[in-house]
Amino acid sequence: MRISTQQLYDGGAGRINEAQSALYKTQQQVSSGRRMLAPSDDPVAAARALEVRQSQSLNNQYAANRVHAKNTLGIVEGTLGSVTELLVEVKTAIVSAGNPLIGDSGRGFIASELKGRFDALLGLANSRDAQGNYLFSGFRTDAPAFVETAGGATYLGDLGQQLVQVDANRKMAMNSPGQVVFQGGGQDVFQTLKDLIALLQTPVATPAGAAALSAGLASANADIDRALDNVLTVRASLGTRLQELDALDDAGAARNLQYTAIVSEIEDLDYAKALVQLSQQQATLEAAQKSFVNVSGLSLFKFI
């Protein structure tokens, strides 16, 4: 088989181009720190890296959802902390009202104070979050949870619980409907306060009236105890959810590190190996160039 001068030339030039391309690619890898510069470099590994990145993106979204859930639950917990303090103050007022040395005018002053407590409780029940959504209205976050009535307050919300995906297999409620919080546990705290205020505004002029006052205060005290127990039960549920979110945060952070490590293992360059390869490719290119020069210098080319 006869080899033409053009074939020799083309072969030499082709080897130089191949060596230059390989060297350039390795230089790009070293510069970027990435083993794969394009999916076509390793389609299987590229697909695996994409899958891991998608999982990591979901994991990051769950983390963002947990932040939102923590913020909302924190606001609800803080609000119910204020409700707890208010109900304790009401109990103190009930004890004071039972003092036999306090007359009708003194009980009237206590009734006025309790009217202020009622208004404060109604305000807490109609609290909003940073976005202006009502905390205790269920799904009806654009409407106040309660409106005052002659006998207490009427719930305007619903029993919906706003769920958020906080992990792959966990949805969590961020709210507690106001009807459950303020009118659950077998009593209606707004009605209890209204009845208590009316009781203290009623003059006591007879032994029967004094007995009715004593019985009414005892009943109100028991109702406030039930209201407190109910609020504390809701707060305990909130605390449990907040603790769970902390645990999910720890697990999510660990998964994120794992995802990052897997992607790094798939895509990152082995610098030591790449630098050895770069040196070899430079030597190969120089050898190909010298060979081409030598071939080009043969007398056969001089006669072309």
Discussion item. So, restricting to strands (runs of 3 or more DSSP E) that lie completely within the stretch 148-265, which ones have at least 3 residues that are modelled with pLDDT under 95, open to solvent by less than 40 Å² (accessible area, probe 1.4 Å) and under 29 Å from G106 (Cα atoms)?
Written reply: none
Response to the item:
How many residues of the stretch 79-115 are over 15 Å from N230 (Cα atoms), open to solvent by less than 40 Å² (accessible area, probe 1.4 Å) and not aliphatic (A, V, I, L, M)? The answer is 4
Worksheet item: Does R48 satisfy the condition of being within 18 Å of A168 (Cα to Cα) and assigned to a helix (DSSP H, G or I)?
Response: no
Item to complete: Filter the stretch 153-197 for residues that are hydrophobic (A, V, I, L, M, F, W, C), closer than 30 Å to I102 by Cβ and in contact (Cβ under 8 Å) with a residue 40 or more places away in the chain and give the result.
Response: F182, V189, F190, L193, L196, I197
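The values are calculated or read from the model by the stated rules, or taken from the named source; none is laboratory data. Given the structure is predicted, the values throughout are model-derived calculations rather than measurements. Please note: Cβ atoms are built from the backbone with ideal geometry, for glycine as well, and neighbour counts cover all protein chains shown. Only protein heavy atoms, including side chains, enter the accessible area calculation; ligands, DNA and RNA are left aside. Shrake-Rupley method; radii C 1.70, N 1.55, O 1.52, S 1.80 Å.
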